[in-house]
Each structure stands twice: as C-alpha cells, then as structure tokens.
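Asker: After the structure tokens below, expect a handful of questions from me.
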Amino acid sequence: MIYRLLADATVWIHVGFVAFVVLGGLTVLWRRSMVWLHLPAAIWGFLVAAMGWYCPLTDLENLLRRRAGQAGYPGGFVEHYLLPILYPAGLTREIQGVLAALVLGINGGIYGWILWRRRSAPSSPQGSGVPRPPGV
C-alpha cells in the first residue's frame, strides 16, 4: 500500500514539475530569485523533450508501482499521462519536438518580456526602478 501511495505522490510531483517547467517563468515575475530554480528546470525539461530522454521520476514511479505489485508502463511520463489528455495518438519524435519548442517558446517569451520590462523601466540611483522625486 505504501509503495502505491509513493508512486501516486511521485506522479503529482511530476505533474507539478512539468507545470513549473512550462509556466515557471511566471514565478520570476513574482520573485526574481526564482530564476535560479526555474532556469535549470526549464533547460532540463527542454532537453528531456528534445532528446527523447525519460525523466528519473518516471523510473522512480515505475519502480514504486512494481514494488506495489502493479505493472509499470513503457515510455515516459509525458507519453503515459499527458499525451492521452492532449493528443489521441501516441508520442512521436515530432510531437516531442513540438513540446520542446513550446517549453522554449513560452519561457523565452516570458524571460524576453521580463528583460524588456527591466530595460525600459526608469532607474533610480538606488537601482529600485522607482525614480527619485525632484530635489531629493
């Protein structure tokens, strides 16, 4: 029973990680320091999709499912859980390329917007982005 619960928890962690990879650039708008967490995660997610790799969380989930007496599944997490929701057909290298491009495009757009906004903001001597009042 515990292995099944751990496998299910691994799925939820994996879903959260995938969501963070795709949309985590938005967290950088909230806290700029999140870039140090998100950028490596986005690079990893891009590489997994672009290179056709499997995430170690997939292997962990399959191991836990086997220990729980369940069958693991062939293929990767995206192919097993997400593609049946997003696409009726199976995973192909072309679809993986599209997923990699989406990760790159969404996050590139978010980071590009952040950089553009940062460069176009007025600067103050303190570097806060808030102009000083006249005479101060």
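Asker: Give the stretch 45-68 a look and list any residue that's in contact with a helix residue (DSSP H, G or I) (Cβ under 8 Å, 6 or more places away or on another chain) and open to solvent by 90 Å² or more (accessible area, probe 1.4 Å), or say none.
Answerer: W53, Y54, R67
So that you can scan it fast, the table gives a plain yes or no per residue for (1) at pLDDT 65 or above; (2) open to solvent by 40 Å² or more (accessible area, probe 1.4 Å):
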{"position": "G72", "(1), (2)": "yes, no"}
{"position": "P84", "(1), (2)": "no, yes"}
{"position": "Y87", "(1), (2)": "no, yes"}
{"position": "L91", "(1), (2)": "yes, yes"}
{"position": "R117", "(1), (2)": "yes, yes"}
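Asker: Moving on. Anything in the stretch 1-37 that is open to solvent by less than 90 Å² (accessible area, probe 1.4 Å) and either outside any helix (DSSP H, G or I) or polar (S, T, N, Q) (or both)? List them, or say none.
Answerer: Of everything in the stretch 1-37, those that are open to solvent by less than 90 Å² (accessible area, probe 1.4 Å) and either outside any helix (DSSP H, G or I) or polar (S, T, N, Q) (or both) turn out to be T10, G24, T27, S33.
The values are calculated or read from the model by the stated rules, or taken from the named source; none is laboratory data. Owing to the predicted nature of the structure, the values given are computational and were not obtained by experimental measurement. Please note: Cβ atoms are built from the backbone with ideal geometry, for glycine as well, and neighbour counts cover all protein chains shown. With ligands, DNA and RNA removed, areas are computed over all heavy atoms of the protein, side chains included. Shrake-Rupley method; radii C 1.70, N 1.55, O 1.52, S 1.80 Å.
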